Amino acid sequence: MKSQFHPLLEGAYECHVHSSPSIFKRKQTDWELLEDAKKAKMGGIVLKSHESSTVERAFLLNEKESSIQAFGGIVLNQHVGGLNPYAVETALKMGGKIVWFPTLSAGQHQQYFSRNNTKLFNGNPLLSKGTVSIEEDGQLLDEVTVILQLIKDYDAVLATGHLSLAEQHTIVHAAKETGIEKIIIQHADMGISRIPIEDQQYFASLGCMIEKCYLACSSDFHDLTAEEMAKTIELIGHESCVLVTDYGQPHHEPPVYALSRFIEDLIFHGVKEEQIRKMVQENPRSLLGVDEHE
């Protein structure tokens, strides 16, 4: 019997996925997502929440299901106190792997959704009533400096969230100066905070991983086609890319199914299987600190 999932999902890691509990409607609960990942024989999933830490949720999933690794982290929106070093240290001390810079609370996010009416975020971009900025008067805030040091100390991953292009350059350079090795430039092709291809190449040259996000190809955004996504991967180099869906919204297919379809689409448009394997297995393992034999 043919599997409903692409074979390259076996051992793969989905580093950007949404499930419930959440203040937003989600397609699946954590448990339902985990069951799909288990059926596909994936290596692991990273739970992302705009409004709370997912570290505790990941811990409970791992307690009940050892065949799939669940990972959590924290997004620095107003819901957790914004640039809150105490929340960051708590999440990392409890096993968190990723610190995402602001999404809902980023000025870039709020400007985008004030101009674009979509099915996302319930049509309301201002669930965060103000913005969380990483700078004041052109200077990086002290809280950011502390958070960067925590990310380095815990060998965690810094993800750029929905920051503007200028803010992403600022935070990446500050992170590199701090000695942070693991950086993800998030959904680089998506309209929320689109990164020009030259900047994507530049960030890759610094050792950052560029997130190739299927949601950018979806009906929510139509930012580019899968064929165009494949071309960006060729221009950047698959060694510097990770494939994610950013799915979990109720009007889309379940995330694991979407990741399988993403892989099929890219292969159809010329991306080689060994390149896919690098982007869904090897690169995520490197970011998450997972041994190949775990």
> Does Asp199 count as surrounded by 14 or more Cβ atoms within 10 Å (Cβ to Cβ) and in contact with a Gly (Cβ under 6 Å, 6 or more places away or on another chain)?
Replying inline: no
>> Looking at region 128-156 only, could you name the residues that are modelled with pLDDT of 95 or more, acidic (Asp, Glu) and not in a loop (DSSP other than H, G, I, E, B)?
In response: Asp142, Glu143, Asp153
> Are any of the residues in region 82-105 at pLDDT below 95 and under 19 Å from Leu259 (Cβ atoms)?
Replying inline: no
>> If I ask for residues that are in contact with a strand residue (DSSP E or B) (Cβ under 9 Å, 6 or more places away or on another chain), small (Gly, Ala, Ser), over 15 Å from Ser240 (Cα atoms) and not in a helix (DSSP H, G or I), which ones from region 157-197 would you list?
In response: Gly161
> Do you know which residues across region 221-253 are in a loop (DSSP other than H, G, I, E, B), touching a Lys or Arg at 6+ places or on another chain (Cβ under 8 Å) and surrounded by fewer than 19 Cβ atoms within 10 Å (Cβ to Cβ)?
Replying inline: Asp223, Pro250, His251, Glu253
> If Ala166 satisfies every condition in (1) under 24 Å from His50 (Cβ atoms); (2) in contact (Cβ under 8 Å) with a residue 12 or more places away in the chain but one, which is the exception?
Replying inline: (2)
> Residue check: is Ser19 of a type in the set (S, T, N, Q) and modelled with pLDDT of 95 or more?
Replying inline: yes
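Determine if region 263-275 includes at least one residue that is part of a loop (DSSP other than H, G, I, E, B), surrounded by fewer than 22 Cβ atoms within 10 Å (Cβ to Cβ), at positive phi and over 14 Å from the mean Cα position of the chain (by Cα).
To start, the set of residues in region 263-275 that are part of a loop (DSSP other than H, G, I, E, B) comprises 269-272.
Then keep just the ones that are surrounded by fewer than 22 Cβ atoms within 10 Å (Cβ to Cβ); that gives 269-270, 272.
Right, trim to at positive phi and you get 270.
Now restrict to residues that are over 14 Å from the mean Cα position of the chain (by Cα): 270.
Looking for residues that are part of a loop (DSSP other than H, G, I, E, B), surrounded by fewer than 22 Cβ atoms within 10 Å (Cβ to Cβ), at positive phi and over 14 Å from the mean Cα position of the chain (by Cα), one finds at least one in region 263-275, hence yes.
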> Of these, Glu89, Glu56, Glu51, which one is out of contact with any Leu (no Cβ under 6 Å at 6 or more places or on another chain) and not in a loop (DSSP other than H, G, I, E, B)?
Replying inline: Glu56
> From the list Thr178, Thr245, Thr232, which one is of a type in the set (Ser, Thr, Tyr), touching a residue at least 24 places away in the same chain (Cβ under 8 Å) and farther than 21 Å from Glu14 by Cβ?
Replying inline: Thr178
> Among all residue pairs at least 6 apart or on different chains, which show Cβ distances below 6 Å where the first residue, located in region 98-118, is within 9 Å of Thr131 (Cα to Cα) and the second is modelled with pLDDT under 80 and of a type in the set (Ser, Thr, Tyr)?
Replying inline: Leu104/Ser128; Ser105/Ser128
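The values are calculated or read from the model by the stated rules, or taken from the named source; none is laboratory data. The structure displayed is predicted, hence computed values, not measured ones. All Cβ positions, glycine included, derive from the backbone under ideal geometry; neighbour counts span all protein chains shown.
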